[in-house]
Amino acid sequence: MIKKNSKRKKGALSYRAITIHMYSFGMILMNKKKFESLPDDTQQILLDASKKAGTYQRELSKS
């Protein structure tokens, strides 16, 4: 649904789209000291998996 903004301020959009969806995200966090204490191969596994998860999540949000 497209609606015209009736109380438009300078620089604001004239129209807005009501899409009834939301963008959801998650963060993968870890203590830096803990991460650096892990073996190099484990660190790489975590980095690769987090990049893969981010790519997968972005693909899901496109549909």
In segment 39-50, how many residues are part of a helix (DSSP H, G or I) and surrounded by fewer than 11 Cβ atoms within 10 Å (Cβ to Cβ)?
-> 3
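Any idea which of Q43, Q57 is modelled with pLDDT of 95 or more and of a type outside the set (V, I, T)?
Only one candidate qualifies: Q43.
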For segment 18-63, what are the residues that are of a type in the set (A, V, I, L, M, F, W, C) and free of Cβ contacts under 8 Å to residues at least 12 places away in the same chain?
-> I20, M22, M27, L29, F35, L38, I45, L47, A49, L60
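The values are calculated or read from the model by the stated rules, or taken from the named source; none is laboratory data. Just so you know, these numbers come straight off a predicted model, no measurement behind them. For neighbour counting, all protein chains shown are included, and Cβ atoms are generated from backbone atoms with ideal geometry for every residue, glycine included.
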